[in-house]
Amino acid sequence: MTSLARLNVFGLTVNATLLGLLFAISFLLLTPKTTFAQNSVQRDQQALTILTQTVAAGGGPELLASIQDFTETGMVTYYWSGQITGNVTVKGRGLHEFKIEAELAAGTRTTVVSGESGSLTETSGWARPIYRQSANDLGSLTLPYLPLIAGVQDSSTSIIYGGLVTQNGATVYDVRLQKVYTEQQDPSGTQGAREARDFYIDPKTFLVTAFSDQIYFGGPNDQGVSHQVLYSNYQPENGIVVPLTIEETVQGVPGFTMTFSQVTFNSGLGDSDFAW
């Protein structure tokens with residue numbers, strides 16, 4: 001590939017030539033495997049039971065609810081024109097404050113989200129904004145229990161059982177979370193479907209193995225590209241079972257792998273830690 005133009009998505013740099021090909025074939029690849037109702041809130045009892053078991057496997061509702069903030073340190077590898085590896089620190093506070101600081105040979109690469117927006121600053125100092133959908137995804141990138149608990153607590157979120165499916169070669173439960181908006185909130189009727197996420201849960205351990213969704217770049221005719229985050233190497237940290245390896249792909253193209261060696265909770269992070 002000869003094009004040097006790139007698109008950054010959550011830290012993944014996609015060659016523009018490849019991106020054009022992906023858009024050209026997206027209408028074949030992005031057909032949902034399961035059709036979910038979008039007009040009313042659905043709360044499947046089987047899906048809710050699975051999420052209850054997932055929360056229990058992660059440490060229990062009381063312990064997970066006690067998380068005010070978290071800090072993770074380790075290594076990150078970006079898969080750009082070649083593999084770029086460096087130290088990484090990830091900080092999170094609730095669902096809507098999140099920060100990744102990667103110390104690379106060329107400098108520091110910082111991704112920060114506060115609320116429903118944020119900023120990505122490259123090692124060169126060039127910065128670009130992060131908008132709503134990407135910001136929402138980043139808020140729970142490394143700790144998948146948070147959006148599950150929030151979805152259970154939010155009566156306007158549909159929680160739908162998609163059955164046992166094969167995902168990355170393993171048989172897992174598929175549970176979809178999809179916010180249902182009023183007509184006033186979403187006149188086009190597309191926002192909830194665009195923000196929907198499928199969580200894949202191991203039926204033996206009840207740990208989250210991955211989530212997948214679509215990323216959209218343009219208007220209502222944009223079919224989006226597939227986005228997936230994989231979780232593995234779960235270990236107990238102060239009673240909370242945490243995934244220490246996080247992998248991200250966009251349309252099947254590897255973006256990064258983060259492997260953490262230390263996780264701490266409730267160190268007193270504040271809004272200033274997520275300023276941008």
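The values are calculated or read from the model by the stated rules, or taken from the named source; none is laboratory data. Here the structure is a predicted model, which is why all the values come from computation and not from measurement. Backbone-built Cβ (ideal geometry, glycine too); neighbour counts: all protein chains shown.
Looking across segment 168-190, the residues that are charged (D, E, K, R) and either under 30 Å from Q53 (Cβ atoms) or at pLDDT 95 or above (or both) come down to D174, R176, K179.
Inspect all residues belonging to segment 178-196 and state whether any of them is assigned to a strand (DSSP E or B), on the phi > 0 side of the Ramachandran plot and surrounded by fewer than 19 Cβ atoms within 10 Å (Cβ to Cβ). Within segment 178-196, none of the residues are assigned to a strand (DSSP E or B), on the phi > 0 side of the Ramachandran plot and surrounded by fewer than 19 Cβ atoms within 10 Å (Cβ to Cβ).
Just to be sure before I move on: is T71 exposed (fewer than 14 other Cβ atoms within 10 Å of the Cβ), in contact (Cβ under 8 Å) with a residue 24 or more places away in the chain and not in a helix (DSSP H, G or I) in the structure I sent?
Working: exposed (fewer than 14 other Cβ atoms within 10 Å of the Cβ): no; in contact (Cβ under 8 Å) with a residue 24 or more places away in the chain: yes; not in a helix (DSSP H, G or I): yes.
It is false that T71 is exposed (fewer than 14 other Cβ atoms within 10 Å of the Cβ), in contact (Cβ under 8 Å) with a residue 24 or more places away in the chain and not in a helix (DSSP H, G or I).
Each residue in segment 77-133 was checked for being closer than 24 Å to P144 by Cβ, part of a loop (DSSP other than H, G, I, E, B) and touching a residue at least 24 places away in the same chain (Cβ under 8 Å), and 3 pass. Looking at segment 136-152, is at least one residue in a strand (DSSP E or B), in contact with a helix residue (DSSP H, G or I) (Cβ under 9 Å, 6 or more places away or on another chain) and either at negative phi or crowded, with 22+ Cβ neighbours inside 10 Å (or both)? No, because not a single residue in segment 136-152 is in a strand (DSSP E or B), in contact with a helix residue (DSSP H, G or I) (Cβ under 9 Å, 6 or more places away or on another chain) and either at negative phi or crowded, with 22+ Cβ neighbours inside 10 Å (or both).
Quick check on segment 227-257: of everything there that is of a type in the set (A, V, I, L, M), over 13 Å from the mean Cα position of the chain (by Cα) and modelled with pLDDT of 95 or more, which residue is nearest to T77 (Cα to Cα)? Across segment 227-257, the extreme among qualifying residues is L244.
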